[in-house]
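First the structure, in the form of structure tokens, and then the observations on it.
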Amino acid sequence: MARSRTDFLSDCDPEERTAFEQIFSDIEALAEELGDPSPTDESQLTAPLTDVPLRLRFAFESGAGMSLRLQHPKLKNNAPLLLGFPSRNLAEDQLRNTLSVIAKNLTAVGVKQPDAEAYGKDLAEAELQPVGRTSWRTSTAGLSDGMTRIFRYPTHRQGLVSAIQKLVAKIALYPDQPPASERPVKTPRARAKPRAVAAVAEAVS
């Protein structure tokens, strides 16, 4: 269970660990440029933004994987911009050493469908390929060097950062979200507990 960055990285083979660390560093540098004052502080992702323009941070709250979360005042909730999985302790081998994106996870929190689709296309610069109609996954998913094979090249890491930056810029132009007190209240429905890794595997299969 990758409940911290340390846990996640310990589940990565050495070279894959280095690739993930480079991605974390590059995206956290982008987060600082965008105004996130503490991009390595996962604990603040549920706190109100108040004077902070946004938060763009990696989360390792449950399951074997990690997610890159965007907390933005123009969205209903945190948007999972990336999902990532390490080398070991996965139920699905096809997910090891991979990054993926699921469009419905973005549109569910207010990202416009065309923008979610454009984001997926932009991620081609980072070697993420379409899987089905609304998901994308690194072309080397499941390989023992799946992350290293792509992200040892700075151009691919820059492609990843650029795609994220473009999507955040589009979201910034959205209308303001109403205050939480004015949003309609949905009645929760009982459902089975989700299995995070299985859900991602099904979505990108």
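The values are calculated or read from the model by the stated rules, or taken from the named source; none is laboratory data. Just so we're clear, the structure is a prediction, and the values are computed from it rather than from any experiment. Here the Cβ positions follow ideal geometry from the backbone for every residue, glycine too, while neighbour counts run over all protein chains shown. All accessible areas refer to the heavy atoms of the entire protein, side chains included, with ligands and DNA or RNA removed. Shrake-Rupley method; radii C 1.70, N 1.55, O 1.52, S 1.80 Å.
One line per residue, one yes/no per condition, for (1) part of a helix (DSSP H, G or I); (2) at positive phi; (3) open to solvent by less than 10 Å² (accessible area, probe 1.4 Å):
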site	(1), (2), (3)
R3	no, no, no
R17	yes, no, no
F24	yes, no, yes
A31	yes, no, yes
T40	no, no, no
Q44	yes, no, no
Task: Filter result (within 10 Å of V168 (Cβ to Cβ) and either over 8 Å from the mean Cα position of the chain (by Cα) or among the hydroxyl-bearing types (S, T, Y) (or both)) within the range 75-86 - done: none
Task: Output for the range 5-15, where each listed residue is open to solvent by 90 Å² or more (accessible area, probe 1.4 Å) and hydroxyl-bearing (S, T, Y) - done: T6
Task: Condition met for V161 (outside any helix (DSSP H, G or I) and within 25 Å of R17 (Cβ to Cβ)) - done: no
TODO: Quick one: which residue in S25, S43 is of a type in the set (G, A, S), farther than 27 Å from A124 by Cα and out of contact with any strand residue (DSSP E or B) (no Cβ under 7 Å at 6 or more places or on another chain)?
DONE: S43
